[in-house]
1. Name the single residue, out of those in segment 83-142 being open to solvent by 10 Å² or more (accessible area, probe 1.4 Å) and polar (S, T, N, Q), that is farthest from Trp209 (Cα to Cα).
2. Out of the residues in segment 468-484 meeting the condition of being in a helix (DSSP H, G or I) and in contact with a Gly (Cβ under 6 Å, 6 or more places away or on another chain), tell me which one is modelled with the lowest pLDDT.
3. From the list Pro478, Pro484, exactly one residue is open to solvent by less than 10 Å² (accessible area, probe 1.4 Å) and closer than 22 Å to His119 by Cα. Which is it?
4. Considering segment 515-529 alone, what residues qualify as being open to solvent by less than 50 Å² (accessible area, probe 1.4 Å) and either of a type in the set (D, E, K, R) or at pLDDT 95 or above (or both)?
5. For a quick check of your reading: which helices (runs of 4 or more DSSP H) sit entirely within segment 252-327 and have at least 3 residues that are among the polar types (S, T, N, Q) and either at negative phi or at pLDDT below 95 (or both)?
6. Exactly one of these conditions fails for Ala198: (1) closer than 23 Å to Leu80 by Cα; (2) surrounded by 15 or more Cβ atoms within 10 Å (Cβ to Cβ). Give me its number.
7. What are the pairs, 6+ residues apart or on separate chains, where a residue within segment 681-695 that is surrounded by 10 or more Cβ atoms within 10 Å (Cβ to Cβ) has its Cβ under 9 Å from a residue that is part of a helix (DSSP H, G or I)?
8. Taking segment 200-231 as the region of interest, how many residues are free of Cβ contacts under 8 Å to residues at least 40 places away in the same chain and more than 16 Å from Asn291 (Cβ to Cβ)?
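The values are calculated or read from the model by the stated rules, or taken from the named source; none is laboratory data. Only a predicted model underlies this, so the values are computations on that prediction, with no experimental measurement involved. Quick reminder, even Gly has a Cβ in these numbers, built from the backbone with ideal geometry, and neighbours come from all protein chains shown. The area values use the complete protein model at the heavy-atom level, side chains included, leaving out ligands, DNA and RNA. Shrake-Rupley method; radii C 1.70, N 1.55, O 1.52, S 1.80 Å.
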Amino acid sequence: MFLTHIYLIPLFPAFGAAMMFFFGRRLQKATVNAVCVGAVVVAFLFACFTVAEYTHFAHGTGQPFEKIVYTWLGGGDGHLNFVKRDGTPASFNADAGFLLDPLSSIWLLFVTGVGMLIHIYSVGYMGHEGGYYRFFGYMNLFMFSMLTLILANNYMLLFVGWEGVGLCSYLLIGFYFHRKSASDAANKAFIVNRIGDAGFILGALTLAWFFGSFRFTDINELARNGHFAVGDIHILTVAALLLFVGACGKSAQLPLYVWLPDAMEGPTPVSALIHAATMVTAGVYMVARSNAVFVLAPTAMKTVAIVGALTAVFAASIGLVQNDIKRVLAYSTVSQLGYMFLALGVGAFAAGVFHVFTHAFFKALLFLGSGSVIHALSGEQDMRNMGSLRERIPTTYKTMLIATLAIAGIPPLAGFFSKDEILWQAWRSADGGIPYLWLIGFGTALMTAFYMARLIFLTFFGQPRMSHEVEHHIHESPKSMTGPLVVLAICSVCAGWLGVPASLGGTNAFGKFLEPVFAHEVSVASAEPQEPAGEEHRGLEWGLMVLSVGAAVVGGGWAHHHYANAGKDYPEPIAVKAPPLYTVLYHKWFVDEGYDYVFTGRRKLGKIRLGVMGAGEASSWFDAKIIDGAVNDVGWVTRAVATLSTWWDKWIIDGVGVNGPAILARMISYPTRLFEWGLVQWYALVMVAGLLGFGVYYVWK
């Protein structure tokens, strides 16, 4: 029953969004809560029953279930036919269809589950904000778009959800539209994501041209069972790299990560839902969903791994010195997303998805916990103005401490299992060589422990550094906010137990659940078999685990040494020991400034604007002064010649050559014309007068 009506899951929040957009202004807050929060609760419950029914349907085989509602594009009528790469005809078809398999089941559960908790949290957090109905309308619209994305059975419908979450991200980042910083951040997110979206749609069209279909099941089957020449592999590599460009935009990887830290201008629940737990993992989902294509393109796989590793360490280094509590978590999110792509790039698809799953809980908890801290401090976000809060907001402190230990990789919390599985697979990917990717991941783990412990100590320990007015009003958040924190804290502890590896005596149930989706791909991508290795390898895995936990302890201990008793003028250790490095990290490696020079043109050298905008201004000047000037000059000369020609024709040709003789003849004939009137009476009178004259003359003489 539930499985055949899977299309209802995204429609529940779509109904809530429609109610808010059409009638929200007239509704009371209680009604808004009942409609919008209730829609997500119903979607979560429906999703749970649907996944339970699916597991019974698949019987552990991972057989995908597809529900085609109708054919959205095409239909075999010949209007949208095209020729495939091999010269055979194909029809451009895209269904309004839904796909449920182990991969989409995992995303479905944590998106609806975490989304439900964040909606409940928002009731308390946004209770005194304006635009209450608008906020929940946007949140419900996001849930609809995200659920469409993860349940789509083809690239075109996935792209609809992909663009939908991008639109909702723009609306929610710019929710406080009266603040210029929020509007700028929303525009930045929208523009940067458009770059990635262009790559995504080109990659999807390339796959359709190559395989003749947009459906995931068709493409995966053809990719797994086909025989491809070298030229085919080159085309698939291009398609995979284009898809990865889309993933870099949506999941904030180098060099398209710059929008995510600025996205913290939105309300904190938005940061938790969209920019930590769900939307930013869309790129990971898309690459994981396209695994059969990526494993045929080793160059693309290496690119994914390298970009992921570099993003992880790059963002972590910036997080070491940030002071805004939400920006620390934003750069942490970018870094953890890099971890996920590192796993995908080395062929550890299940490990990457496992880290997506665990990260959703502890990162959502960290963002919601930071919102509780901000709520307690009347809107203060700068950690330099916090301190000594652990006794005043104990529930927030305890839950955030659990999340911090989880993300640092302290056993037996969730982050330990997923992060160490990624590091182990990165080590194995070296295949006897120097494990560069593992070294980068290990260094990132050390920095992660430091900046997260720094956040905890600056926020909850040390001396109070806030103003007396703020300190007087510090209070714990209401139950509607602390309740979701407790649930997420429990998940941050227990979620990792689903993937306990064989080396620790577990069965890795999470990986086995995903095995039908990734088993073949892992065997292709990895140089080593994925079955449990011998005792010597197991000992190596244990040793790497010890090193990883040791890095977390060292990073946390270093942060404790420098920040546990921080006063109002506490020193930054990096600033003391390496001022140039601190300056570079504090200014985020000057990447935003570089983009300003290259793209926005807000920087000037004297009176000359630099970058693309400067080139645009130069092009505009060249067009106005040179191109248009030359055109105008030619036009002026042409008009001058035409004027002269008109004057010559009028006064010389017509005036002298034609009219001149006529005027001369008229002037010469004028005396004669005085006597030649043409009247008979006049002639008779003249004759009579002449005769009389002659007569008088002769008589007189």
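1. The extreme case among them is Asn93.
2. Initially, segment 468-484 is screened for residues in a helix (DSSP H, G or I), giving 468-472, 479-484.
Narrowing further to those that are in contact with a Gly (Cβ under 6 Å, 6 or more places away or on another chain): 480-481.
Details: Ser480: 91, Met481: 95.
Going through the qualifying residues, I end up with Ser480.
3. Numbers: Pro478 fails: open to solvent by less than 10 Å² (accessible area, probe 1.4 Å).
Matching residue, one of Pro478, Pro484: Pro484.
4. Glu521
5. Working: elements: 259-262, 268-272, 282-289, 291-294, 298-319.
Correct list: 298-319.
6. Condition (2) is where Ala198 drops out.
7. Trp682/Phe675; Val686/Phe675
8. 6
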